[in-house]
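First the structure, in the form of structure tokens, and then the observations on it.
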Amino acid sequence: QVQLVESGGGMVQAGGSLRLSCAASGSIFSNNAMAWYRQAPGKQRESVAAITTGGSTNYADSVKGRFTISRDNARNTVYLQMNSLKPEDTAVYYCNARPPYLSWGQGTQVTVSS
């Protein structure tokens, strides 16, 4: 059974930071690249950062230089460090494999005020 539990969201002012965590079941985490996705109101879900099992990363242009994805293979956990947050980063953030499994977690809300 696939389980994804995101946490760490909140409300911050522009320029602030947040660190998101995602606890994933072993079945999805062990052999897959993992990614963080976000969905803003009225917009499609988009991938913002991804990390392979070996630790290679890539980022959407909109977050490059501000967000850092990492993974702890011993804890089946993926992290997203978000710095210099902007109001346009406001969204519900999800983690999943890349490409994503059909099942999604509940996500964690990030709200950035100007």
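Annotations
- Interchain or long-range residues, amide H under 5 Å from GLY16's placed H: LEU85
- Working from Cα pairs under 8 Å separated by at least six residues, relative contact order for the range 10-114 is 37 percent.
- Counting only DSSP H runs of at least 4 residues, each contributing -39500 (n - 2.57), and dividing by the residue count of the chain, the helix-based mean residue ellipticity at 222 nm comes to -500 deg cm²/dmol.
- The accessible surface of the range 48-100, taken with every protein chain in place and a 1.4 Å probe, is 45 percent carbon and sulfur.
- Binning the C-alpha pair distances of the chain at 10 Å intervals from 0 yields a P(r) profile of 15, 52, 28, 4 %, listed from the shortest bin outward.
- For ALA49, distant residues with modelled amide H under 5 Å away: TRP36, ALA60
- Binning all Cα-Cα separations of the range 53-101 at 5 Å, short to long from zero, yields these whole-percent fractions: 5, 15, 28, 28, 15, 8, 1.
The values are calculated or read from the model by the stated rules, or taken from the named source; none is laboratory data. Everything numeric here is computed off the predicted structure, so don't read it as measured data. Quick note on the areas: whole protein, heavy atoms, side chains included, nothing else; ligands and nucleic acids left out. Shrake-Rupley method; radii C 1.70, N 1.55, O 1.52, S 1.80 Å.
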